[in-house]
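Working notes, beginning with the structure itself.
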Amino acid sequence: MPILNGDSMAPANVDALDFSKALEVLEKEYPERDGIDAKTLIDSARNGGLTYNDFLMVPGYIGFPASDVTLESPVTKRIALKTPFISSPMDTVTEHNMAIHLALLGGLGVIHHNCSSDEQAEMVRKVKRFENGFILDPVVISPTTTVAEAKALKEKWGFGGFPVTENGTLRSKLVGIITPRDVQFHDNLNDPVSAVMSTDLVTARQGIDLVEANSILSKSKKGKLPIVDENFNLIALLSRSDLMKNMHYPLASKLPHSKQLISAAAIGTRPEDKIRLQKLVDAGLDIVILDSSQGNSMYQIEMIKYIKEKYPGLDVIGGNVVTREQAATLIAAGVDGLRIGMGSGSACITQEVMAVGRPQATSVYNVAQFSKRFGVPCIADGGIQNVGHIVKGLAMGATTVMMGGLLAGTTESPGQYFVGRDGQLVKAYRGMGSIDAMEDKKAAAGNKDAKASNAGTARYFSEGDRVLVAQGVSGSVQDRGSITKFVPYLMAGVQHSLQDIGVKSLVDLREGVVNGSVRFELRTASAQAEGGVHGLHSFDKKLYS
Ligand code: IMP
């Protein structure tokens, strides 16, 4: 049934009704794909960098369901994550709670250093202990430990089941086990735990494999399974709650052959940071981030070399950088990963005050495409406001993205919710270069331990500085609920976006960008207005359910 008449728009050499020729015509007459490639995109703004809002990706072909899209991606030369999301080392974003829960979901939380080195090391320890197959260094108490002390240990560690051995250490004879219920309603706080501990123990012998031990634990009605040697000395512990967690978090970030979560923490580049680092390494640190807003410095190069020599098993992420030249210096010094961004953070006023920085999309493209040649993965750090920004950061070549403000409003970030000016539930969020954060650091530097080991604000301020020059602001962000819902939403969003682009993995995305099959379009100011909600009298922006 013809629907076009004689004055159709078809060129003379094509039979307008032969639709099957569309692909042939496309191939023959349009050798260039629609849209522009990434290099042309970046070059088109040669005299001004691009931010994430300045461009879009054009759709490709959907030949698979979104759930088939995989998001595995490296964060360092040696370590890959199943979910390419990292939380910022900021004191309103990442402490052990965020680090644990983000790692369980396949991401990584970088523990901040605006605290004493002991506090930071303790947070790393909590991450490493959180989910274990066999807990090889369980907290052990002695029969003379008091009920009050056992309760205090529960507060400190966040769990209350402790094996009791003759002399209160590992590799000593197991005599009982204390659970929170044993001490909860015991009024005489000075009683020794030997008066309340259970001695009816289910144990397993050293050498048992994890599957078998898990099966004994599942069948027993106990919360913990102590592993003992032939003399009944305690060797390790298996925990029922870990068993449940192992079952529920298939994406959890772990090193091969390890049941422990991967831990990451930030430090500065001062001499005292070497002492801090030793404590973090003793606590089990896997990845250290050198936290500097301008990473291309003699201090950082010296620190990278020192770390690579002293701790060859520890991965070092350097930065921040926004140019190829900065990246080259740190790659040459031996970094295992780079962090890209200067001035794009939501609480950041660096570009305004220091007059240095770079629009984030241009920074990520230039650094990541260069670092790729050396196999050095890159984190796109800062300026991520939504799922689209995540995808754009990854399309520019970053292997992971780092978020501060977007995660600061979740229940896993430090601090309490409060009611904001507009009556909405909010949480505090502040730049680490805000006066607030720097003054906290300065106050802490007054105490002895802090002086020896604190260096958090070194990112933005030198101890000799008389005047604190702010590079960040302090404010609040809206409640986003738990990351156990929010992060799966971000993941699903990225999967759908990659499906629209027509790539099945982040590797395919990066390859498509380099070989030109993933295409882009610049966005004018009016295109940006068109791409947002417009013309509505009012609306609710509910992002997921
Ligand atoms: P956001 O995700 O846009 O909120 O940006 C988070 C990032 O901002 C962090 O990972 C840091 O790189 C950066 N940042 C944190 N504090 C400051 C500051 O005070 N000034 C400038 N940048 C900051």
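What to note about this one:
- In region 354-403, the residues that are open to solvent by 10 Å² or more (accessible area, probe 1.4 Å), within 9 Å of the ligand (Cβ to nearest atom) and of a type in the set (V, I, T): I384
- Pairs are defined by a Cβ separation below 9 Å, a sequence spacing of at least 6 or placement on different chains, a first member in region 183-209 that is under 14 Å from P163 (Cα atoms), and a second member that is basic (K, R) and loosely packed, with under 15 Cβ neighbours inside 10 Å; the pairs so defined are V202/K219; V202/K221.
- Number of positions in region 72-111 that are in contact (Cβ under 8 Å) with a residue 40 or more places away in the chain and either assigned to a helix (DSSP H, G or I) or at positive phi (or both): 9
- Extreme residue, farthest from the chain's Cα centre (by Cα), among residues of region 327-343 that are within 12 Å of the ligand (Cβ to nearest atom) and within 16 Å of P89 (Cβ to Cβ): M342
- Residues located in region 252-302, provided they are assigned to a loop (DSSP other than H, G, I, E, B) and among the acidic types (D, E): D286, D291
- Applying a threshold of 8 Å to beta carbon distances and a minimum spacing of six or more residues, or different chains, the list of pairs starting in region 34-60 at a residue that is not assigned by TED's automatic domain parsing to the domain that holds Q385 and ending at one that is basic (K, R) and open to solvent by 30 Å² or more (accessible area, probe 1.4 Å) reads G49/R358; N53/R523; D54/R523; F55/R523; L56/R523.
- Restricting attention to region 86-104, the residues that are away from the ligand (no atom under 13 Å from the Cβ) and open to solvent by 20 Å² or more (accessible area, probe 1.4 Å) total 4.
- Consider region 310-326 and keep the residues that are aliphatic (A, V, I, L, M) and within 16 Å of the ligand (Cβ to nearest atom). The one that is nearest to the chain's Cα centre (by Cα) is I317.
- Residues in region 136-158 that are among the hydrophobic types (A, V, I, L, M, F, W, C) and either at pLDDT below 85 or part of a helix (DSSP H, G or I) (or both): L136, V147, A148, A150, A152, L153, W157.
- Strands (runs of 3 or more DSSP E) enclosed by region 164-243 - at least 1 residues per element that are assigned by TED's automatic domain parsing to the domain that holds T145, over 26 Å from V127 (Cβ atoms) and open to solvent by less than 40 Å² (accessible area, probe 1.4 Å): 174-178, 224-228
- Residue within region 126-135 that is in the same structural domain as V494 (by TED's automatic domain parsing), in contact with a strand residue (DSSP E or B) (Cβ under 7 Å, 6 or more places away or on another chain), modelled with pLDDT of 95 or more and under 26 Å from R270 (Cα atoms) present: no
The values are calculated or read from the model by the stated rules, or taken from the named source; none is laboratory data. Just so it is clear, the model here is predicted, and its values are computed rather than measured. Methodologically, a virtual Cβ is constructed for each residue, glycine included, from the backbone with ideal geometry; neighbour enumeration extends over all protein chains shown. All accessible areas refer to the heavy atoms of the entire protein, side chains included, with ligands and DNA or RNA removed. Shrake-Rupley method; radii C 1.70, N 1.55, O 1.52, S 1.80 Å.
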